Structures are given as structure tokens and as C-alpha cells.
Amino acid sequence: MVVIGNGKLSNLVQSKSGGGSEIMPGEEGASTDMGDRGGGMCGVGRIIPHRWSQPEAYRLYLELLSRYAFSFHPVEPDASKERIIKSVDAALQLSKTYQVHVLELGHTMVLFFFSIVVGLLDSTLDDWGLPVTFLDRASGVARSGDYLNMDIDSKGNKNFKQSEHREQMRRTNSFLAMEVLGTLMENRKAKVLLRLVHLNMPEGFNGLLRRIQFLEAHKLASSILKSANQLLVRLSANIRGVLDFEYQLNKHQLIGMLIDIGSNKLVSGCNFEAVQSACWVPFDIYMENVMDVKHLPVRSTIVILRETIRTLQGFNRASWQETFLALWLSALRLVQRERDPLEGPIPHLESRLCMLLSIAPLAITQLLEDEVNSCNSSSQGGREYGYTEIGYGHEMDRKCHASRKHGLISSLQVLGHFSALLCPPSSIADAANLAAAKAAGFISNSKNGKDSLGGGSHGNTIVKSGGNMRHLIVEACIARKLIDTSAYFWPGYVSASVISMSDSSPIQGSPWSTFMEGAPLTGPLIDALIAIPASSLAELEKLYHVALNGSEEEKSAAAKILCGASLRRGWNIQEHVVHSMVKLLSPPIPPNFTGTRSHLIDYLPMLSAILFGASSIDTVHILSLHGVAVNVLPQLIQKDIIESSDQLSCHCLCIKYTFQFDAFITSYLKHIIQYFTFQFTCISGRGRAIGSELTLEYLLILHNNRIASHNSAAHDETSSSLNRIESTSDKPVYIDSYPKLRAWYCQNRSCIASTLSGLCNGSPVHQVANKILNMIYWKMTKSGASSGNPSTPSGSSISGSTASTGEDAYQRPMLPAWEVLEAVPLVLEAILTACAHGILSSRDLTTGLRDLVDFLPASLVVIISYFSAEVSRGDSTAMLPLPMAALVSLTITFKLDKRLEYIHAVAGTSLANCASSCPWPSMPIIGSLWVQKVRRWHNFIVGSCSLSVFRQDKEAVAQLLRSCFTSFLGLFHVSKSPLASQNGVVGLLGDINWAHCVCPSIAPGLLYLRSCRTIHNVQYVNHVIIGLVAEFARELASRWASKDSQQLKSSQSSLALATTKVKEVATLGASLLCVTGGIQLVQELYQETLPTWLLSTREEKLGEVSSVSRIMEGYAMAYLLVLSGSFIWGLGARPPSWTFSIRARIVRTHLDFLAGVLEGNISLGCDPATWKSYVSCLVGLLVSLAPTWIRDVKRETLRKLANGLRGWHECELALSLLEKGGPATLGSAAELVNVIN
């Protein structure tokens, strides 16, 4: 504990003034024990108000204050401490003035010193005839009226005014007071105390700033202020310097240098090497990870990418130009890895273009909007603690909107230098040329004074305009008002030859112009509109109107157009197309609608076209990237046309709408409900929950939570101003409201969970199953009597075979779809049993399954789920269990038709999931069977089969992870130092898709990303990644500290380079860890894996390890921990509500563990140098990058950590930690001020 002046200042002032006791009476809270209060308190409470009547005492007070203000002495925690707190509080009315409850001596000290500063400043202003009258008690600072009245003196002695000596002293005292203030504010201890006020009582500190502004505003009009100009400039600079105050770490130690590296980096300009550095690899890993269509994200990738941008900009201490340029380069690499899509069941290119040209610009849009909102809120004042420091510890964003927008513009200008990444894929070369031609036409028209906003395109100019990916990116940004058309005039953006050609090129009309002019939707126009994306919201709005209000043919045509090129390649308005499509799934009731039947029956042509148009894999993927996967299923569930199956029989649906309707239902039920173990993005935002399966109930909970958030105007992806489209539904959806769906869903899940039981033979479900079996056996008999091919069975089929004959239609039972789905498991059990006992041949089994799928395509979902459950329950030792073999045979019967790509994608994923429950060789066998059917898919199938080895083989997983690290860092050749190795992103993920090679060669990073979610023991990954990060960090450190590198060792820049490489290692580890297990793996890392690693004793195989290597090892672990947590819940003070409590609990638990070790309650197993480095660097990263996390930690824990840091002579780091703890640790932080030099 400390006390200012130890009472000496008070006693000296009283004795020298010759009447210390004379000024005592009448003061509230008076006491004769001035030694207990301290002299500073005497000055604020008694001397300053009477400085006019006793200028000698005031002069002495100022001189002694200048000398002894920061002469701190410890105070033992006894009764005297409590007496000091109460005495000072009573004398100065601190609790009343600042509206706080003062309990700690340190807290008293902060308010006490602040009162001295404000008191001296206000009294001086009043002496100069500039009384401060615009502040009141509510502002958090003492009012001049409380003790600064110059006209009324307690003594009322007019003789004092007759003394010229005293008059001169009074005038000089005011200047001396300003000089003393300037001297005090140059002391680092003063800055720390005022910084505590700034962080914990921002309104109080703002009052001090307003006083400074008041002085600056009047200095030209006041002769006194002119004469004191130098003093004012000095004082103003020192007080404003509190905002930029930085603690000085112990740079005499290597740990202090590590923490400090990069903190003073200039954040303007662009460093090409920094942009291409591997420290941006999380962008590439995240983007490539969400391209896996087997695991579609539930949460909008726009929101996740936005938070990732913020996190990496903070950790890399980069300018916004560097950050945005790194984002563009990562997205361009994503497209280049599959610029010429390989023919296969799962296309990717359109999803990758969506990420580059839609998701990335929308994420940047949210960043710019958030910055404007943040600046607006800060300008209104009253920001709560935690928001007074913008930019995660280094205050990058004070200039508000201009900094980020200027960074975006600069990044797009610099992007032209990366020509190797800008070559467009052949399928979008025309679109790139059209974008370049548009810019050329704009420039030409502006020069000729013509209208620059005309529609259409220039004849053959687009063929010769040299368009590239940058032109498409710029158009996407212009469409969202991120930049304006001045970008067309950037040097080199459009060549002069293209501009000259645009002058003479004829203008071609656009089919969308024809549509907007009122032309009817006929065949040729419909085809043109499907092939060419809409370019404006007006076109989209008219199309939406036609889809709702047109004729039956127009509704269907409008829906097809909406799901055509406008959805897949309308990148500039894609988010609006997506939301319009989802809204059309719940069309409103027409105003003049009457009748008991569902109004949705009138919209069935439109709904069928929407569902079929949105059933392709790329389209489903695009919907998921935009975060509407949670919205689509509730829209389908709300269709009472589905629930009211008595109105439309299964037979009627099959004849007219089943192909379109059930194609989408089959695909989406498969993608959302059954087999796709989604990333748990709704909770973690970045990864999945270990061993979790996304159920229908959970999806509905997510949907309902979004509705609640939207209605309460909460700030998330559904209520953000970015979407600008109202929620697709304003009512929550509950499965209990749809009894038929609920009955089928529960029955289906029970069949998956256990064998069929509890149903008597006479039940309605058995009766339906018998009717279906009769149909199947009738078809088998007919097929056997003819020479038909089982791969092309007769009847109306999903395979695209000929339409059913009248006899086939007669044999199809008239059954509601829900009843058919309920009976399918019984049908499957019957035909599998018959085949197993030799009653039914395998050929007939396959034919029967195809007939069932042709009868009701949605039954494929039940077939897959039932067979998968049977495989997992079975104890068969055969290479391919019967259910697995049946499923393989069924999938092979489907024709390779573009319309059926969703079937192949669903079936392929299901085969892989089933194979994971079979003996190891199952997947290669399945692949070999499929290669015989589609030889051109050979590379794709081989690559897919190679993933199966990582499901259960831990050693294979460990080796793959090691390959990821070595390919990322480069091999450690003796002749080539790893410090000079180049960007490792290409080595990690490759520059082209692996399946294009003649002999498939898969980049290790791609192989890991495609297999990491199928690893059974993902907890094992944590231990492997920690071991690899520690190993490579030690290796990099040993090379920096080696005898052969003494010249490098002597240079701090070489240490920075080595540290950068260690950061890259930790960054890769954090990225791979998060995509593998998400929030649960990160939680395990904080609470189990890293504590266990620190407690364990390890014997190095390669002999003794240097202390430098140990220190780097600790730094890498700290960086890995903080970065992985940041990827999950972000760095901001307001994480999503579903992660706030989790973050607080996890961080608190880990820091409690560290505090326990520092207290000696837990024994360590790691090297002491590693431990010291880990704790110091962890605290340094939290203080500089994630200060809002610290507020969630218990006060006692922070005190223990601070005491441990003080023991390591990291006093200012300890003080910074306590400073970030908020009001709870304000007193503890103030008590450490005496350690500052």
C-alpha cells in the first residue's frame, strides 16, 4: 500500500504558513491528523481554496507538490489503511463527487491525484479570469464552485490585498501551478494514474480534455494565455499523451523483446513481402475449408470472414491496405486452384467465385459499416470500459472510415501487380472482358460528354478488352458502393487501345433491357435471361414480382430465371438474389384467396422451379455460404402443401411435380438433416463440435433464435444493415406443429438408432409397406421377363429414363408421401433379409431399390440413413457388408446427367460415411467399382479414396500433419536457412487442384482439410499440433542462435525475422486446430492439453536444447493459444451471445491454472525458461491484442499473475495487465505505480 507524501507535505505547509490551524475550521471532514491524510489532500481540501488569502502557503504547497508528489511509501494492511481511505474520502468527498464506492487505497490514490490535477487547472483558470462553468458534478470532476470561489475568503481579511508582494505572488502562483502541472504530467507515474481514469471513468477524463480544449480555444483572446503559451503546449501534449501511453517492457531480456516486436510497426503503406507472408495463411485455410461441400456452414461465412479479417489485422499488426490485399490474394488463390474444373460429381468453381466476388466484398462492407457505427458511438461519448481503446490495443482506427476505405482502394490499385493470379478461368473470361469493356466505355463516354450509365455491351470489344479478375473484383466493390467509378481511371486499369475501340463499337442490347421494357417471357427471352445474370436490383425486383403475381407459366419462368445465372454468377447482387429466392419459398396469401385448400397449391409451378433450380451442388453451397441454410429448411417445413398430403397423392406428385419437388427435398434433407455433420459454426463460428450431428431440432432452434434476434434488433448476421432485406419469416417454427413430419422424423431416427421393433404386422405402416413391396416385386417380375438393363429400368425414373406406361402407372399405389417414407425402413428390411437368405438375387435387390427411388425420390434419404445404420450395427467380417454392397449397386445405376449431380454428390458422401464403419479396405473397393463406370473420374475417385486411411489411423494423421508443417515451412536444408524461406501457402495447399494431375499428387494441406472432419479421435490432433509447433519453434530458434549465425544474432531485425517464422508455425497450428475441432478442441487446448504439456516432463531426443529455443517454444505456445481462441470468439468486447459465457469461463480457467503455478501450488514439468516465456508472452499478447478478455478474469487471479511478473522484473507488464482488468483491479494497478521508473 502507498500514501502520497507520507504526511510531510501537510506538516511543512502548515508550519511555513504560520497558521495551519487557522484555516481548519469550517471544512467538512476536518481532522487534526494530517499525517494520516497526506499533504496532497491538504492542498486540495484546504490550501487551494484559500490560495488568495495565503499565497505563501500555496506557493510552498506547489513547490513541495512538485518535489514529493510521487514519493510513495508502502502502507501495511492494518487499521490505519482503512482510516486513511475514509479520511481522504470524507475530506474530498470522492465517493460523492465521482459516484463510486471507494474501498481500496489505490482507488483513493487515483481519484486523489485526479482531483489535484483538476483542482490546480480549475484554480488557475479562475485566477486568469476564465472560470470553468460548463462542468457539473455528474461529469465526474469537481466543480469550481465547490472550493474555488475567489471572491469569498474564510477570513475576509482585506489587508492581504494591499500587499504588493502578496499580489505579485498571487500572479506568479498561477503560472507556477501550470508549470508544476506540466512537470507532474511528464512523469510516467502521472500518465499511469490518469490512464486508469481514462479507461475506467472516461467521462471524467473527457472533462479534463475539455478543459484543455477550453484553454486552447481562448489562448489567442487572452494576453495571460499568450504569455503562458509554452506551458500550455507542454501541458496539453502531456495530457493528450495519456491516450497513446505505452508501457516499457524489459527489453534487456529476450522475452521482453519478443513481446515488443512489431508493437511500433508503422501501419501505413504496403509491404509486398508482408502481404505475401505465410502469416496470412488462415485466410487460405478457412476459404478452402468451406469449399468442402460435404460439410456446409450453417452460419454466414460473411460474418466469420469479417471477424477473421479483424483478428489477422490485429495479430499481424498490419495496415488495412496490407490486410485487404492479403484477403484478395487468398481468394484469388482459391479460384486458381480450380480454374478449370475437373469433370466429377462435385463442382467447385462457382462457389469459389462466390467467395471472391460476393462473400469477401460483403465482409469488407460490414467492416466499413462497423467502423462508421463505432466512430459515431464514440463521438457521442459515454463509451463503456473496453471501448476506449480502438484497434485491439494499438489504436489503429481513430481516423474512422477513411483509414479502412483508403486501405481498400490502395489494395485494389496494388492488386494489378499480381498478374499471375488475375488470369480468369475460361468459363468467366467473357464476364471479365465485359467488365473491362464497361470501364472502357465509361471512360470514352466521359471524354465525349455522353451518358456513362447506359446499358448493353460493346460489340466485339469484350473479346479484345483484356479483362481479368481485378476488373470483376472492382465491379463487385462498385456495386456495393465500397468504391466509386473513379476506379476506371486508375493508371493501367484499362488500356488505351480498348478505350479507342469502344468509341466505334456498336452497342448491343441486353435481354434484361428487353425484359424491363415489358416484353413477354417467351422461350428465347427466358433462355437468354437464364444464361445472363441480372445486373441491378430493379431487374431483380421486377422478376420477383412476376414470380408472385404472373400467370402460371410466368411464375415458373421467373423462378427458373432467378435460379439461373443470376444466382450462380450474379456476384454483384448475389446476396439479394439469395434472399429473394428464400422469400419465394414462403409466398404470401393472395388478397382475394378463398377456400379451404392451401394457397401454396397455386404457387406449385413456381415452387417446383425454385426447388429444382436450387438443387445443384454449387447452388446449395452458395446458399450455405450466404448463411441461409438455416432459413431454407423452416421455409420448406412451413409448406402446408407438404403436410396436407391428403390433397395431393404421391402418385399425383410423381406425375406432375415430383421430379422437381423431391429432387430438392432429397438433396436438402440429405445435406441438412441426415449425414452431413456440419461445422458447428452456429456455436463456434469457425469449427465443428466433436462428434456432433446437426439435427432437425437444432436447425429449427437456430432459425427461431435468428427470428428473435431480428425482432429485438440485435446485431448479428440476420439484423445487420448489410442484408437490407427483411427476414424471410417473422414466426418461429416448431416441429410439433407439423405432426406428419414429426411422426416420420421420429420414426426414421428410431430406425437409425436401433433395429426395427414394436410394430405389429397388422399396423398401418406394415400395410403400406406391403403395398410398396407388391409394386417392387411386380416390377422385378416384369423386368425379369424382359431383357431390360438394371441400370436403365423402365418406368418414370429419376435416372431420366422413359416415361411410365399406363400399366406401370396402374401398378403404382396411390399413397401419401409421408406414409411411404414411414414404411420405407420396413421395405428395406424385407428385401435385405430376402437377399441374405438367397430368396432375392443381388440384381433384383438393386432393381427393387431403383424402383423405390423412382417411385418416390425422397426415399433415397431413408435408404441411405437405414443402410448406414445397418452397416454400423453389423458385425459382418466381409469386405462389403450387404447393406453397403446394395448401396454401391444402387448408386451405380444412376445415369451421369447434369440434372442428377445432386444425387451423385449425396450418394458419394453417403458411401464415404458408410465405408468408415466398414473394414479399412472398403473405400478402395467402392472406388474401384465406380472407376469402372466412369473412367474419366479416375483421379477424383483415387483422391477421395485416399482420405479413408486417416479416419482411424492416428499415425497416418500425425504424419500428414507433419507433412503440412514441413511443406509450409520448407525443408530444413543446411544450405538454405529456413529464415529465408518464401511463402508456404502454395506448398501447403498447392497452386492447382490435385485431381488435375496425370498422376494425382495431393498437397498435404488439401488432403488434411478434406479428411480432418472424419478423424475419429480428434483430441489426438491437439497433442500432435502442440508437439509440432514446439518442435519447429525450437528448430527455428536454434538456427537463429547458432554459432554460424553470430552476425544475425547481433541484429534485432534477425530476431524479428525468426520471431515471424515462429509466429507462422503457431498460426498454422491454430488454423488447423480450429478447422478440425472448432470450439471444443480450443476449449480442450485451454483447459487440458496445454496445462498437461506444461506439467509434463519431456526428454529431448536430440540432446540439450538451448535457452533461446526454450524461450521461443514458450512464445509459440502462447501465440498458438491466443490466436486459436481469437479464431473462435474474436477479439472484440462483444462476442456473439452464445460464445461470451464460454469464452469467459475458458479464459478464466486457464489463467487460474497459471496463477496456481505461480503461487507454488502446482509443480511444473517443463523447462523454467519455457514457463517464464509462456506466461510473459501470453500476458503480453492478451494485453496488446485481447484486452477485453482480461475483464472476465477474477481479480485475485490477475493480482497473482501481476505478482509473478513483478518477481521476473516485468513490472510494467504486470501493471498493464491490472490496468486492463477494469474497475475491479483499478486499486491494485494504482498500488503498482511506484515500480515505474
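The values are calculated or read from the model by the stated rules, or taken from the named source; none is laboratory data. Treat the numbers as computed from the prediction; the structure is a model and nothing was measured. Heads up, the Cβs are rebuilt from the backbone with ideal geometry, glycines too, and the neighbour counts pull from every protein chain shown. For accessibility, only protein heavy atoms count, side chains too; no ligands or nucleic acids. Shrake-Rupley method; radii C 1.70, N 1.55, O 1.52, S 1.80 Å.
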Descending accessible area (1.4 Å probe), largest on the left, turns Tyr1086, Tyr1020 into Tyr1020, Tyr1086
A chain fully extended from Glu216 to Tyr1020 at 0.36 nm per residue, minus the present Cα-Cα distance, gains in nm 283.1 nm
Here region 1188-1193 yields Karplus 3J(HN,Hα) values (6.51, -1.76, 1.60; θ = phi - 60°; whole Hz; Gly and Pro given as x) of 5, 5, 5, 5, 7, 8
Counting sequence-distant residues (5 or more places) and residues on other chains, those with an amide H built under 5 Å from that of Ala228 are none
Mean Cβ-within-10 Å packing, highest first, puts peptides 601-609, 943-951 in the order 601-609, 943-951
Given 1068-1074, 861-867, the highest-first ranking by average Cβ count within 10 Å works out to 1068-1074, 861-867
For region 596-601, in residue order, the Karplus 3J(HN,Hα) values (coefficients 6.51, -1.76, 1.60; θ = phi - 60°; whole Hz; Gly and Pro = x) are 8, 6, 5, 5, 5, 4
Once Tyr777, Tyr493 are ranked on solvent-accessible area with the largest value leading and a 1.4 Å probe, the list reads Tyr777, Tyr493
In order over region 1222-1235: 3J(HN,Hα) from phi, Karplus 6.51/-1.76/1.60, θ = phi - 60°, whole Hz, x for each Gly or Pro, gives x, x, 5, 10, 4, x, 5, 5, 5, 5, 8, 4, 5, 7
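Ignoring ligands, DNA and RNA, please state the percent of accessible area on region 1139-1237 from carbon and sulfur, probe 1.4 Å.
Working: 1490 of 3090 Å².
With neighbouring chains kept in place, the figure for region 1139-1237 is 48 percent.
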Using a 1.4 Å probe on heavy atoms of the protein chains only, the accessible area for Arg195 in Å², nearest 10, reads 10 Å²
Protection proxy (average C-beta count within 10 Å per residue), highest first, orders 593-599, 540-546, 119-125, 410-416 as 119-125, 410-416, 540-546, 593-599
Rounded to the nearest 10 Å², the accessible area of Trp52 using a 1.4 Å probe with every protein chain kept is 80 Å²
Of the listed links Lys96/Lys191; Lys1200/Lys1220; Lys782/Lys933, those spanning more than 20 angstrom between alpha carbons are Lys96/Lys191; Lys782/Lys933
Counting sequence-distant residues (5 or more places) and residues on other chains, those with an amide H built under 5 Å from that of Ser319 are none
So for R0 = 51 Å, FRET eff. of Ser872-Thr485 from the Cβ-Cβ r, to 0.05, ends up at 0.30
